[in-house]
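Right, one structure below, let's go through it.
The values are calculated or read from the model by the stated rules, or taken from the named source; none is laboratory data. It should be emphasised that the depicted structure is a prediction, and the values quoted were computed from it without experimental measurement. Positions of Cβ are backbone-derived with ideal geometry, glycine not excepted, and every protein chain shown enters the neighbour counts. Accessible surface is based on the protein model in full, side chains and every heavy atom, while ligands, DNA and RNA are left aside. Shrake-Rupley method; radii C 1.70, N 1.55, O 1.52, S 1.80 Å.
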Amino acid sequence: MTPREGLLLVDKPRGVTSHDVVEVVRRGLDTRKVGHAGTLDPMATGLLLIGVGRATRLLRFLGALPKTYEGALRLGIETTTLDADGDVVRETEVDVTEAKVRDAMRALVGESLQRPPAYSAVKVGGRKLYEAAREGEPLEAEPRPIRVDAFDLVSYEAPDATFRVTCSGGTYVRVLAADVGAALSCGAHLIALRRTAIGPYAVDDAVAPDGTGEPLPLEAAVGHLPRLDLDADEAVAASHGRPLGPAGLTGPYGVFGPDGRLIGVYEDDGPRARPQVILASL
């Protein structure tokens, strides 16, 4: 029997890690070659992209896709983790209007630098930040460039505000929530978060993480990339990882054989196009 492989869209429940979901899929599909793109914190729910089989090699092309979330923050309370899973470190009276909350969110739209939170899996000097924080030796990571395309207030009933945000990959929404609280001088923390989309992939098309879902074809993992169709001779060369002539495309692109099968991913490099990933051999 040919093992199932491809891209699986999973709706992660609350209270489990992204790695927990990977383990469930491994057992359900009876394969060890499973990975994910775009980690979700345990308290968050929603879309998680799972690569199965050769699709694990394509996950790196999904990480930079913009992500859309629906969530809620609570003003007046700050926590160690910036979300509801942390310990309360400060409480402040909330006297903030809806207009001010809306303005504070809109002020974060655009490009900026964001420092990863102390309780995150980012490594500094080989140590994960959350491990150092739990040991009472908090570390700081360097700020990273992020982009917020939209940050909209959906409803406000003090002290809670629900919102919708679309942002670049690698953005910590709980840091955005804390930034809103800081701008309003009362503090805030994230109390709910659901990822509804990653680029063109939507949570409405996702399945429960029980391994019973059928992965989408390999081609779905590069559906957001430009496509280049090769002739027979080019396809053979590409399948062996040989350079091709430049396609004139920006960034990585999927290359396909005459039969429509995905051969791999290439990227232009001056006078040549060089392979990034080769999946098929002809």
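A few points about this structure:
- Test: residue 194 is in contact (Cβ under 8 Å) with a residue 40 or more places away in the chain, more than 25 Å from residue 262 (Cβ to Cβ) and not in a helix (DSSP H, G or I): yes
- Restricting 162, 166 to residues that are at pLDDT 95 or above, over 21 Å from residue 77 (Cα atoms) and surrounded by 14 or more Cβ atoms within 10 Å (Cβ to Cβ) narrows the list to 166.
- Among the residues making up segment 229-258, those that are over 16 Å from residue 272 (Cα atoms), open to solvent by 60 Å² or more (accessible area, probe 1.4 Å) and part of a loop (DSSP other than H, G, I, E, B) are 231, 258.
- In segment 208-223, of all residues being open to solvent by 50 Å² or more (accessible area, probe 1.4 Å) and of a type outside the set (Ser, Thr, Tyr), the one that is modelled with the lowest pLDDT corresponds to 210.
- Search result, residues across segment 50-69 that are closer than 23 Å to residue 144 by Cα and either outside any loop (DSSP other than H, G, I, E, B) or open to solvent by 40 Å² or more (accessible area, probe 1.4 Å) (or both): 59, 60, 61, 64, 66, 67, 68, 69
- Note on segment 130-157: residues that are in contact with a Leu (Cβ under 7 Å, 6 or more places away or on another chain), small (Gly, Ala, Ser) and either open to solvent by 20 Å² or more (accessible area, probe 1.4 Å) or touching a residue at least 24 places away in the same chain (Cβ under 8 Å) (or both) amount to 1.
- All conditions in (1) modelled with pLDDT under 95; (2) touching a helix residue (DSSP H, G or I) at 6+ places or on another chain (Cβ under 7 Å); (3) not polar (S, T, N, Q) hold for residue 259, with the sole exception of (2).
- Sole residue being β-branched (Val, Ile, Thr), within 19 Å of the chain's Cα centre (by Cα) and at pLDDT below 95, chosen from 122, 148: 122
- Being modelled with pLDDT of 95 or more and in contact with a helix residue (DSSP H, G or I) (Cβ under 9 Å, 6 or more places away or on another chain) is true of residue 193.
- No other residue among 221, 202, 273 is in contact (Cβ under 8 Å) with a residue 60 or more places away in the chain and in contact with a strand residue (DSSP E or B) (Cβ under 6 Å, 6 or more places away or on another chain) apart from 221.
- Taking segment 7-38 as the range and being of a type outside the set (A, V, I, L, M, F, W, C) and assigned to a loop (DSSP other than H, G, I, E, B) as the test, the residues that pass are 13, 14, 15, 17, 30, 31, 32, 33, 38.
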